[in-house]
Amino acid sequence: PGRKTVVDLGCGTGPLLARLLERFGRVIALDFAPAMLARARERLGPERSCHVSFLHRAMHELDDLAGQIDVAITINSLVMPDVRLIDRTLRSIHASLRPKGVLLGVVPSLDAIQYHTMLLLDQALEQGLEMADAMRFTAHHAEHRFYDFAFGRFKFQGLRQKFWLPFEVEHRLGKAGFRGIKLNKVLYPWDESLAGSLELAGFPPTWDWFFLARRQAGSHRPQSLREDIASKPGSP
């Protein structure tokens, strides 16, 4: 790892950068917001920030890094509401990786919102509310007015973000050419920001989705899932 290159895509204020400097020979921090990059520099201080390459650009603008990256990291930064931009970004990340390079990331979970909704609905029904009232209660306290559940989007005061289902993570990574895709939950304890948190403390916690995906050795362009299946021995 000490000789490898890592890029933190959508680095924000740079909470990961100090650790990355300890583990990698070359560290790149990318963000579209100059204020975030300035905060990241301040956070590291002048002695450490001089060892980081700070890039002010969008996440899909990686042509000059093609084939140079060993590890790419996206922590809650793959949240563009337009899936065309997400697909473009994932293809760019794939092209930036060296063969056997790794993409690690976390994305906001839409199914965690649905899970919270289920628990709130049960809670309302157990308190004696009729179904229609329980549904209204749940929709209000789970803030459904901010979510588009069909397309996995969140909108609040001008902020628009993508929320993900696990099958969608696998689909979009595979579509961009990634293989060896693994998913796991990043668990978050119930806290006051979530409606009913005290009453729900005995239930399993809510989550976001962590994923790991790799660029295959020798891959030059994204291979479709259909091509991937057809290339396997015994395929019709």
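Derivation of every value follows stated rules applied to the coordinates shown; laboratory data play no part. As the structure is a computational prediction, the values presented were derived from the model and not from experiment. With ideal geometry, Cβ positions are generated from the backbone for all residues, glycine too; neighbour counts draw on all protein chains shown.
Rounded to the nearest 500, the helix-only mean residue ellipticity at 222 nm of the chain stands at -10000 deg cm²/dmol, with each DSSP H run of n ≥ 4 adding -39,500 (n - 2.57). Summing +1 for each Lys or Arg and -1 for each Asp or Glu among the other residues whose beta-carbon sits under 10 angstrom from that of A124 gives -3. In the list [x] 35, 24, 15; [y] 37, 20, 18; [z] 31, 19, 18, the label attached to semi-axes √(5λ) of the Cα gyration tensor in Å as derived from the coordinates here is [x]. Checking the cross-link pairs K4/K162; K162/K185; K100/K162; K155/K182; K4/K182 against a 25 Å limit on the alpha carbon distance flags K4/K162; K100/K162; K155/K182 as lying beyond it. Using a 10 Å Cβ count of at most 16 others and DSSP loop calls, identify the longest part of the chain lacking such trypsin sites (Lys or Arg not before Pro). The answer is 58-236. Convex hull volume per residue, computed on the Cα atoms of region 90-151, equals 105 Å³.
Under the simplified labelling scheme, the L165-A139 pair shows an inter-label distance of 2.0 nm, with each label point 7 Å from Cα along Cα→Cβ.
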